[in-house]
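What follows is a short report on a single structure.
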Amino acid sequence: MSCYEKAKERYAALGVDVDAAIAKLKSVPVSLHCWQGDDVRGFDTDPSKPLTGGIQTTGNYPGRASTPEELMADLVVVLKLCPGTKKMNLHACYAIFEDGEWADRDKLEPKHFAKWVKFCKERGLGCDFNPTFFSHPKCDPLTLSSPNEETRRFWIDHGKACIRIAEYLAEELGQPCVMNIWTGDGFKDIPADRMGPRVRYKESLDEILSEPFDFNKVKPCVESKVFGIGVEAYTVGSAEFSLSYAAMNKDKCIPLMDNGHYHPTEVVSDKIPALLAFFPEIALHVTRPIRWDSDHVVLLDDETKEICKEIVRCGGLDGRVDIALDYFDASINRLAAWTVGFRNVQKALLLALLTPDYTALQNADNWTELMVLQEELKTMPFGAVWKQYCRECGVPADGEWFAAVKEYERSVLKNRA
Ligand code: RNT
Ligand code: ZN
């Protein structure tokens, strides 16, 4: 009997159908963020200018993609190393201009994403989208909350342009497009006026979402944040602001939680069921916060497992939770960073799908047996099931994929300027 067959029997003894778990996971889209490949630079601004908006990449590992061709070539490698249903996730700054043309962010059009549509179509991928409210000369430094009407108007127009692009992506690719609104608007030090920026941000969101769109195709989200580097004292789009906005606009907006955007003892795993008690659909950015940074590569750590456990337990895999990755590490091989994080989310989801439902023990107040069983799950033969899942998805198993990345680094990345 193979290791997999033996593992299947052990799980069956716990009442878990391994084949059903594998089949389910294969059907769940997880969005792969294009911005891990080029340190969140994009193609529409001067790459020598620093990132703004309270985000920062650190490290200068060789091989950063600096053209659409390079980024796509890197993605092709990564997509082949990641099991499951992948969806692309683009930022507006990844617009691709042709023949010396250039458009500012308020004037972006669907045609600037035609090459990405081709890329996705060739691989059967859907695509999510994000307006880019950072790293641009028109950040003053505020965007949608700026007291300067010209600045604010520019960014509102950017948001509206992005709704049209998101609808184009959804229609072309035949899958809904999650369009996430995040701004780094905030202040380094104690503000004199905390309310004004929030009222302006709210009005800007209202204007952006007044652009006509089909809510079945375009899923606008608002993402909150607690603080960013350089904006430590005050964030306009705080948790209360963003969640309230989504709650008051349920007919056209969904809340997005990034698990790097909360105080250190708060956990998104616990917030998932809280929000799902009120919202039909929520979105997630899966990342790894560490001290001041919210964007380290996702590991198979306790909170990642707990987030996925809650997604599964709450019925999130049936269209109620949109799962995306969001991190950027410039200090290690970027393809490995992408692959490790994506595979870890898949592993955590598979672990969750292989977890028996112990609700009855909880309801019977049987916390002793619940603890015993939950602890014993930790030494179940998960590795054999993961290996089988990778095999069925036609991607390398653990221990087999990193060689491809090393070879690509030697033959391609090392030659980049
Ligand atoms: C930043 C937010 C935001 C970005 C991406 C690039 O703290 O998490 O989601 O990481 O949009
Ligand atoms: Zn995020």
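The values are calculated or read from the model by the stated rules, or taken from the named source; none is laboratory data. A quick note: this is a predicted structure, and the numbers were derived from the prediction, not measured. Here the Cβ is made from the backbone with ideal geometry for all residues, glycine too, and neighbour counts use every protein chain on show. To get the accessible areas, we keep the full protein, side chains included, count just its heavy atoms, and leave off ligands, DNA and RNA. Shrake-Rupley method; radii C 1.70, N 1.55, O 1.52, S 1.80 Å.
Results, tabulated for the structure shown:
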{"read-out": "Exposure of residue 5 as accessible area (Å², to 10), given a probe of 1.4 Å and all protein chains", "value": "80 Å²"}
{"read-out": "Under the Debye formula (equal points on every Cα, no solvent term), log10 I(q)/I(0) of the range 327-376 at q = 0.30 Å⁻¹", "value": "-1.05"}
{"read-out": "Sites residue 410 and residue 118 - FRET efficiency at Förster radius 30 Å, r taken between beta-carbons, to 0.05", "value": "0.55"}
{"read-out": "Cα-based Lys proximity count in the range 301-417, under 26 Å, for pairs eight or more positions apart or on separate chains", "value": "12"}
{"read-out": "Anchor residue 24: aspartates and glutamates whose Cα lies under 12 Å away (excluding residues fewer than 8 positions away in-chain)", "value": "318"}
{"read-out": "Computed [θ] at 222 nm, helices only, for the chain once each DSSP H run of length n ≥ 4 contributes -39500 (n - 2.57)", "value": "-13000 deg cm²/dmol"}
{"read-out": "Max mean-square fluctuation residue, GNM over the chain, Cα-Cα springs under 10 Å, options 233, 166, 336", "value": "233"}
{"read-out": "Share, in percent, of DSSP beta bridges within the chain that are antiparallel, nearest 5", "value": "15 percent"}
{"read-out": "Taking the convex hull of Cα positions in the range 137-210, its mean projected area over all directions (nm²)", "value": "5.6 nm²"}
{"read-out": "334, 10, 320, 391, ranked by accessible area, largest first (probe 1.4 Å)", "value": "391, 10, 320, 334"}
{"read-out": "Cα gyration tensor shape for the range 138-273, rounded if a/c is under 1.5, else prolate or oblate", "value": "oblate"}
{"read-out": "Positive-end residue, the chain charge dipole about Cα centroid, Cβ charges, pick of 268, 85, 284", "value": "85"}
{"read-out": "Rounded accessible area of residue 80 (nearest 10 Å², 1.4 Å probe)", "value": "130 Å²"}
{"read-out": "Probe 1.4 Å, all protein chains present, accessible-area order of 353, 144, largest first", "value": "353, 144"}
{"read-out": "Amide H partners (placed H, <5 Å) of residue 286, local residues excluded", "value": "324, 325, 326"}
{"read-out": "Per-pair calculated FRET efficiency, R0 = 30 Å: residue 195 and residue 299 via Cβ, rounded to 0.05", "value": "0.15"}
{"read-out": "Heavy-atom accessible area ranking, 1.4 Å probe, most first, across 373, 299, 205", "value": "299, 373, 205"}
{"read-out": "Whole-Å distance, taken between Cα centres, linking the range 373-417 and the range 186-223", "value": "40 Å"}
{"read-out": "Span per principal axis, largest first, for the Cα atoms of the chain (Å)", "value": "68, 54, 39"}
{"read-out": "Whole-percent carbon and sulfur share, accessible surface of the chain, 1.4 Å", "value": "54 percent"}
{"read-out": "Whole-number accessible area per residue in Å² for the range 1-150, which is evaluated in the context of all protein chains at 1.4 Å", "value": "42 Å²"}
{"read-out": "Selected from 99, 185, 128 as most flexible by GNM, with the chain as the system and alpha-carbon contacts under 10 Å", "value": "99"}
{"read-out": "Cross-link partners of residue 250 among lysines (Cα-Cα below 17 Å; sequence separation of 8 or more within a chain)", "value": "202, 217, 219"}
{"read-out": "Gain upon complete extension [residue 109, residue 277; 0.36 nm per residue less C-alpha separation]", "value": "56.8 nm"}
{"read-out": "Solvent-accessible surface (1.4 angstrom probe) belonging to residue 215, in square angstrom, nearest 10", "value": "60 Å²"}
{"read-out": "Range of Cα positions in the range 228-347 per principal axis (Å), largest first", "value": "42, 37, 26"}
{"read-out": "With eigenvalues of the C-alpha gyration tensor scaled by 5 and rooted, the range 1-85, Å", "value": "41, 14, 12"}
{"read-out": "Accessible surface, per residue, of the range 180-323 when the full set of protein chains is kept, probe 1.4 Å, Å²", "value": "44 Å²"}
{"read-out": "Dipole in debye (nearest 20) - the range 1-47, about Cα centre, beta carbon charges: Lys, Arg +1; Asp, Glu -1", "value": "400 debye"}
